[in-house]
């Protein structure tokens, strides 16, 4: 309390008379000291002091000569005072930037808020002299300091970054943050020489992934500092924003990413990155590399690729071959199942695909279905039915009236990577026939549909994509039964059944 | 009526079958009726349109039809009195009205009564009081005496008055005495009644001896029935000898049992296929021509067959049936009741029999008594049957005699799980079983109405108790093993309750798992209790049904367990293998395909291998091709490998892995592998008929042939391995191309006219009943609307007419007045002119 009071009186004195100017050290010392409480109090006090000084324009603007250089002598006392204060301001900013790496979150938050306060004030009462009309008065250096503080190399700063998000709503702040991040990535990643920096990259990602780009130029109305001539400036142009945004992402994705981050980027890519780029095709390299990695990353890259192929005329050789090779047992188990099958449905919806290709897909999907859980089966069986409807030539898979009587081997070659070589069209869908014996009644019923000739209209699978095992369970448990059949074999104990498997391997100890 | 007022709607054609309603009408009459009605209602309203005052009839109950006129009068009078009460009105002359009798105030007489009270008992002594004699017989000396005693000051003028007084006094006194006597009698009656009631209450509480003594007294009065008569009557009621069916031989019994099982089996198969369920339901049952449609079905022969078991008469079910008989008898009442009672209780004493006989006769005498006794009888009987049953229990398992000797014979069904637990706490498992059995028998649903609900609750308690036993630190699986039997019996009695409670448990478990997945992103295997519940499900319900309200959710839950739960410890592996066994057991009959099972077995084999093997197979979800928790089942120790013996895995390890040393753990691992081999073998046998058997088993085969280090395993394990591999490899490969089922040909469109039966002419036939009703409603609405519009129009016309007539009236009045004025003016003018003329003259 005493500290706060003394700091308060100090600020009062400083603002009252210039004679007290040397008391500013009383404020800066605890700030440099780094004690938690002292720093908190001093930070607030400094904020008030320099805020007021900025408003009064009592800090010297323009280029800053080195302290103690000869230029000083030529100045008047007033000028000297302003210049001196400006140096102290500079010190204060430096200390605050250091405090952004403090251990205590409150200190970090305080320094962030104070610095952003300075940014706002500097934008309104610029320290740089306006030389010509097109000069941007936004304090870019100061903002860079903030951004550097937000992106520490070796610790997770997501909490502080989420605190910072409120400032990102200002269009000009966002624009300059994007630029600062681009610069920061350039500087940091240059040094590391292709070694991934998980924390740094994670921080960058959490800073830039929530960026909400405006859709129209007319949406850009919220500025922290509005200059008279702002309409002519780059800041007010959507094109410039997009360009900066694009540059930032490209520089971010240029470097090797940790796997988790890779997935996260791919998840948001199609939704919040591609639409705001001037040249989405620039993402092609990134996406093709990701598509080639295999596994879940490939599945995720599919979405971005689809947009590029669909809207930006990307030509992707052997796309279907690649898609075919993506099918492995895990597709029925992974989290992104719904997304993958939604896209696969889109890719296979073309009626111009050759029959051998579709047949290979059908055969592979049903082969893999032999290890799938019921919720996936309930989705994939109508999916296969839809493929049959779109491509009637494939119906030989379920209906081959004049085929050989008995085969000793399934002609389909599972290991073949080339769909055309897989001999899928010579095979039959025995897998689905096996699934007619599935323990889940709905799956068995769905599989039995293929025994009959299919109806013309396609099934809507969009509702089935997100089906979860728990929903399935819930549905069954809520069904009302008219009567409950009972076991008639008399119980003779827990393991007392005839030929009980448990009795062979377990004991009741 | 007047023929000129009748209007006839002439019909052009006579149509047969058409009812005509409006052929004759009386327009004049109906119009006048309408006008009259309007004048009564509309005109009144119109006239009162500007008035806000209302006339209210405040006479009490004037429009209340519920009150009878007399009562109405009485109430009105009372109301009037109430209003006047306490009003000191100067005009009310009757204010200080005093009722008198012979000029004497009645109030004073009432006061005098107190004095007379003292010698009211004179009458009882048989002597008449002096006053009474004085009043009735002229008084004589008494009066004189009185006069003398009253003293001289009374004098002559008081004499007539005192006599009058005396008589009045006497009358009042006698009246009061009468009333008092009445009061006394009433109170005595009341007391006896109360005593009776109290007695009745106690009567039910204490044993039945006291009523007997009472009845004995009565018996003395009535003549004892002749013994001969009794015998004759009894003979009349005695069952005639009937030819009984011959005893069935053992083979026949076995055959019947087999037939029953076959029927049940056929049922099960039908449900397993799950297709023709609906078809079966809809088939109407055959109705005999002799059926009286009274709902009576002779579905089975109630008569029991005499059968022997181990050389003794098989009496196991007898008691229950007897009990049933008794119940029926109880409804009929009468002698059979007593007889059956006599038969059933060997230990019943002589007096009981007498008692019974007395009962039967007293029935005839007084209805009230018999009713009471009937109630009593029933209650007693219940006790007895319970006792009988518990006796039987004792006899049936003599080895239980010693421990059960302390147990009470009757138990109430516990209302909460806590009481249930406390009931079983501290008992041996045999005692627990006995308790459960007794609870079941004492509260059989046929004994009382609420028993069914109570016992249904018991199912849930028992399940919960089993779960609790399984979650103990050292699970009491032996006890659970025994407790399954009563559970099965209860389940047979209350399938719905059992299925509901198991479904509830499953839903809870699934819900918990879902929550864990949402929070942590991965699930862990549940405790032993859930596994036991799943096992119990397979014991209680048929697992082969195509769809079953309990088994199908259990399937899905188990599938979730195998695909979602992480495998991090040896216990997890054992739990997983337990669920695999469950799956195999569930589908052992129906041979349904469980993909999760095979995938899990592949995964188990995968974690038994050293890392970084060349692959050729893929593992799915809970297992990962690389990463943590691999080599969970890998055993490298040569010594452990050699010393291994196939052992049964104790289930308790699932909750608590004993602090075992490495060797034991290694042995357990090897047992798991052996179990896995066995499961592979069993599933191979199960699925060999599936068309894509080889594709399903391919990863297993690759693992077995290429990766599993057979030669390192001990010999016993190698045996398991080879038997599993043999099952996989001996299967032939058969692939027959699929052919769709032939479509049913679509029937050609035909052009024969559609014939619709016409049931009633003049009515629209088309449409279903609902549609017809709707149309009718619409039509009625239309008609009503038209009628309403017409009425409104007529109302307006009527109003317009009245308004017009008002205006006319007003105008004519004005004209008349104007005329009058003008007339008077003219006369005035005339007079004036006449005067003027006079003046001028």
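The values are calculated or read from the model by the stated rules, or taken from the named source; none is laboratory data. Model, not experiment: these values are computed from the prediction. All Cβ positions, glycine included, derive from the backbone under ideal geometry; neighbour counts span all protein chains shown.
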Practice item. Working only within the range B:525-540, note down all residues that are surrounded by fewer than 24 Cβ atoms within 10 Å (Cβ to Cβ) and either outside the structural domain of residue B:500 (by the TED database) or not in a helix (DSSP H, G or I) (or both). Key: B:526, B:527
Review point. What pairs can you find where one residue is in the range B:260-288 and outside the structural domain of residue B:549 (by the TED database), the other is part of a helix (DSSP H, G or I) and at pLDDT 75 or above, and their Cβ atoms are less than 7 Å apart, with a gap of 6+ or different chains?
Key: B:274/A:441; B:276/B:270
Check your understanding: Are any of the residues in the range A:307-327 surrounded by fewer than 20 Cβ atoms within 10 Å (Cβ to Cβ), within 18 Å of the chain's Cα centre (by Cα) and more than 20 Å from residue A:468 (Cα to Cα)?
Key -> yes
Check your understanding: Which residues, taken from the range B:709-746, are under 19 Å from residue B:696 (Cβ atoms), more than 14 Å from every other protein chain (Cβ to nearest Cβ) and in a loop (DSSP other than H, G, I, E, B)?
Key -> B:730
**Study point:** Within the range A:436-453, considering residues that are within 9 Å of chain B (Cβ to nearest Cβ) and in contact with a strand residue (DSSP E or B) (Cβ under 8 Å, 6 or more places away or on another chain), the one farthest from residue B:543 (Cα to Cα)
**Key:** A:444
Revision key, fill the gap. Of those in the range A:315-336 that are assigned to a loop (DSSP other than H, G, I, E, B) and under 16 Å from residue B:618 (Cβ atoms), the residue farthest from the other protein chains (Cβ to nearest Cβ) is A:327
Point to revise | Positions within the range A:487-496 being crowded, with 16+ Cβ neighbours inside 10 Å and at the interface with chain B (Cβ under 7 Å from one of its Cβ atoms), in sequence order | key: A:487, A:491, A:493, A:494
Revision key, fill the gap. Residue B:644 fails exactly one of (1) surrounded by fewer than 20 Cβ atoms within 10 Å (Cβ to Cβ); (2) more than 28 Å from residue B:523 (Cβ to Cβ); (3) more than 14 Å from chain A (Cβ to nearest Cβ), namely (1)
Exercise for review: Name, by its number, the condition in (1) facing chain A (nearest Cβ under 8 Å); (2) surrounded by fewer than 20 Cβ atoms within 10 Å (Cβ to Cβ) that does not hold for residue B:473.
Suggested key: (1)
Exercise for review: Could you check, for the range A:135-142, whether at least one of its residues is over 34 Å from the mean Cα position of the chain (by Cα) and modelled with pLDDT under 80?
Suggested key: yes
Practice item. Identify, by number, the condition in (1) under 55 Å from the mean Cα position of the chain (by Cα); (2) crowded, with 21+ Cβ neighbours inside 10 Å that residue B:699 doesn't meet. Key: (1)
Practice item. Out of B:555, B:546, report the one residue that is within 7 Å of another protein chain (Cβ to nearest Cβ), crowded, with 21+ Cβ neighbours inside 10 Å and within 51 Å of the chain's Cα centre (by Cα). Key: B:555
Check your understanding: Going by the conditions given, is residue A:415 loosely packed, with under 14 Cβ neighbours inside 10 Å, at the interface with chain B (Cβ under 7 Å from one of its Cβ atoms) and assigned to a loop (DSSP other than H, G, I, E, B)?
Key -> no
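Evaluate the following for residue A:478: is it free of Cβ contacts under 8 Å to residues at least 60 places away in the same chain and more than 8 Å from every other protein chain (Cβ to nearest Cβ)? Talk me through it step by step, then tell me what you get.
On the way: free of Cβ contacts under 8 Å to residues at least 60 places away in the same chain: yes; more than 8 Å from every other protein chain (Cβ to nearest Cβ): yes.
The answer is yes for residue A:478.
So if I check each of A:432, A:413, which one is within 24 Å of residue B:683 (Cα to Cα) and at pLDDT 85 or above?
Numbers: A:413 fails: within 24 Å of residue B:683 (Cα to Cα).
When all the criteria are applied, what remains is A:432.
Take the residues in the range A:425-435 that are in a helix (DSSP H, G or I) and at the interface with another protein chain (Cβ under 9 Å from one of its Cβ atoms), then tell me which one is surrounded by the most Cβ atoms within 10 Å (Cβ to Cβ).
Narrowing the range A:425-435 to residues in a helix (DSSP H, G or I): A:425-426, A:430-435.
Imposing the further condition that a residue be at the interface with another protein chain (Cβ under 9 Å from one of its Cβ atoms) reduces the set to A:430-435.
Numbers: A:430: 26, A:431: 26, A:432: 30, A:433: 20, A:434: 23, A:435: 27.
So the residue we want is A:432.
Only one residue in B:605, B:582 is within 13 Å of another protein chain (Cβ to nearest Cβ), at pLDDT 85 or above and in contact with a helix residue (DSSP H, G or I) (Cβ under 8 Å, 6 or more places away or on another chain), so which one is that?
Numbers: B:605 fails: within 13 Å of another protein chain (Cβ to nearest Cβ).
After ruling out the rest, the residue left standing is B:582.
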Study note, to complete from the structure: Note on the range A:384-407: residues under 18 Å from residue A:430 (Cβ atoms) and assigned to a helix (DSSP H, G or I) are A:384, A:385, A:387, A:388, A:394, A:395, A:396, A:397
Point to revise | The one condition in (1) outside the structural domain of residue B:633 (by the TED database); (2) over 50 Å from the mean Cα position of the chain (by Cα) that residue B:718 fails to fulfil | key: (1)
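Please go through the range A:377-409 and give me each residue that is in contact with a strand residue (DSSP E or B) (Cβ under 8 Å, 6 or more places away or on another chain) and either away from chain B (no Cβ under 13 Å) or surrounded by fewer than 22 Cβ atoms within 10 Å (Cβ to Cβ) (or both), ordered by number.
Residues of the range A:377-409 in contact with a strand residue (DSSP E or B) (Cβ under 8 Å, 6 or more places away or on another chain): A:377, A:406-409.
Answer for the range A:377-409, where residues must be in contact with a strand residue (DSSP E or B) (Cβ under 8 Å, 6 or more places away or on another chain) and either away from chain B (no Cβ under 13 Å) or surrounded by fewer than 22 Cβ atoms within 10 Å (Cβ to Cβ) (or both): A:406, A:407, A:408, A:409.
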Review point. From the residues in the range A:454-472 that are within 11 Å of chain B (Cβ to nearest Cβ) and within 23 Å of residue B:564 (Cβ to Cβ), which one is surrounded by the most Cβ atoms within 10 Å (Cβ to Cβ)?
Key: A:472
Practice item. Would you mind stating whether residue A:270 is without any contact (Cβ under 8 Å) to a residue 12 or more places away in the chain and in a helix (DSSP H, G or I)? Key: no
